[in-house]
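Notes for the one structure printed next.
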Amino acid sequence: TEVVEVVKAAKKMVDLIGADVVVSVGRGISKDVETGIKLAEELAEVLGGVVGASRAVVDSGWMSADHQVGQTGKTVHPRIYVALGISGAIQHLAGMQDSECIIAVNKNESAPIFDVASYGIVGDLYKVTPMLIEAIRAAKAAK
Ligand SMILES: Cc1cc2nc3c(=O)[nH]c(=O)nc-3n(C[C@H](O)[C@H](O)[C@H](O)COP(=O)(O)OP(=O)(O)OC[C@H]3O[C@@H](n4cnc5c(N)ncnc54)[C@H](O)[C@@H]3O)c2cc1C
């Protein structure tokens, strides 16, 4: 085997550690991965933050490894951490539970993420996230 050429990816790495706001997605986006990621990106944008992910998302190849939060990913301490469709496994919590304010959206009211959440919303992320985006945009416009 001969290496003919090495092409480096021009992709910009996400700065999770320095971010003030992190909006992370979990396997809860499996129904429609593209829309789930798009919603997370939109919410991160209105909040001035970046998008993170659980290991399930990275292992599924939906997002690159630099987005992973947790024991084998990055440890983050943002002002706001939003968890969309993340169950709250101990290995994920290890990377985000010291965030100042944790907002969790999960359709299962018994999900362990609610044990560490400052605000918990029991619901479908595909319905709740657009409402959050709209409410934040409206609040900003009213300022
Ligand atoms: C050695 C080791 C290291 C690990 N390191 C990490 C790590 O660094 N980071 C990490 O994240 N994990 C890590 N893991 C994996 C970890 O144990 C979990 O498997 C993983 O965190 C689960 O990811 P998840 O919460 O996205 O998926 P799941 O546990 O499958 O949870 C998906 C959640 O989405 C909810 N949901 C589904 N559909 C919707 C919807 N439409 N709307 C709202 N909610 C919905 C479900 O109710 C569920 O709670 C590690 C595991 C091991 C063994």
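Against the condition closer than 24 Å to Arg137 by Cβ, modelled with pLDDT of 95 or more, touching a strand residue (DSSP E or B) at 6+ places or on another chain (Cβ under 7 Å) and not polar (S, T, N, Q), how does Val69 come out, does it pass?
Values: closer than 24 Å to Arg137 by Cβ: no; modelled with pLDDT of 95 or more: yes; touching a strand residue (DSSP E or B) at 6+ places or on another chain (Cβ under 7 Å): yes; not polar (S, T, N, Q): yes.
Criteria not met by Val69.
Identify all residues within the range 51-84 that are without any contact (Cβ under 8 Å) to a residue 24 or more places away in the chain, more than 9 Å from the ligand (Cβ to nearest atom) and either farther than 12 Å from Ile102 by Cα or open to solvent by less than 60 Å² (accessible area, probe 1.4 Å) (or both); write none if there are none.
Once the filter is applied, which keeps residues that are without any contact (Cβ under 8 Å) to a residue 24 or more places away in the chain, more than 9 Å from the ligand (Cβ to nearest atom) and either farther than 12 Å from Ile102 by Cα or open to solvent by less than 60 Å² (accessible area, probe 1.4 Å) (or both), the range 51-84 yields Gly61, Ala65.
Please work out if Ala104 is open to solvent by less than 20 Å² (accessible area, probe 1.4 Å), of a type in the set (Gly, Ala, Ser) and in contact with a Ser or Thr (Cβ under 7 Å, 6 or more places away or on another chain).
no
If a residue has to be open to solvent by 40 Å² or more (accessible area, probe 1.4 Å), in a helix (DSSP H, G or I) and under 18 Å from Met131 (Cβ atoms) to count, how many in the range 28-43 make the cut? Can you show your working first?
Applying the first criterion (open to solvent by 40 Å² or more (accessible area, probe 1.4 Å)) to the range 28-43 yields 30-32, 34-35, 38, 41-42.
Still in the list and also in a helix (DSSP H, G or I): 34-35, 38, 41-42.
Next cut, under 18 Å from Met131 (Cβ atoms) only: 35, 38, 41-42.
Summing the residues that are open to solvent by 40 Å² or more (accessible area, probe 1.4 Å), in a helix (DSSP H, G or I) and under 18 Å from Met131 (Cβ atoms) in the range 28-43 gives 4.
Among the residues in the range 6-27, are any without any contact (Cβ under 8 Å) to a residue 40 or more places away in the chain and outside any loop (DSSP other than H, G, I, E, B)?
No.
Away from the ligand (no atom under 12 Å from the Cβ) and open to solvent by 10 Å² or more (accessible area, probe 1.4 Å): which single residue out of Leu93, Leu132 fits that description?
Answer to the check: Leu132.
Which one of Ser99, Ser87, Ser110 is polar (S, T, N, Q), open to solvent by 30 Å² or more (accessible area, probe 1.4 Å) and more than 7 Å from the ligand (Cβ to nearest atom)? It would help to see each step written out before you state the result.
Details: Ser99 fails: open to solvent by 30 Å² or more (accessible area, probe 1.4 Å); Ser87 fails: more than 7 Å from the ligand (Cβ to nearest atom).
None of the others qualify; the one that does is Ser110.
So, Val46, is that one surrounded by 14 or more Cβ atoms within 10 Å (Cβ to Cβ), over 13 Å from the mean Cα position of the chain (by Cα) and away from the ligand (no atom under 14 Å from the Cβ) or not?
Yes.
The values are calculated or read from the model by the stated rules, or taken from the named source; none is laboratory data. The shown structure was predicted, so the numbers you read here are calculated from the model rather than taken from an experiment. For neighbour counting, all protein chains shown are included, and Cβ atoms are generated from backbone atoms with ideal geometry for every residue, glycine included. Accessible surface areas use protein heavy atoms only, side chains included; no ligands, DNA or RNA. Shrake-Rupley method; radii C 1.70, N 1.55, O 1.52, S 1.80 Å.
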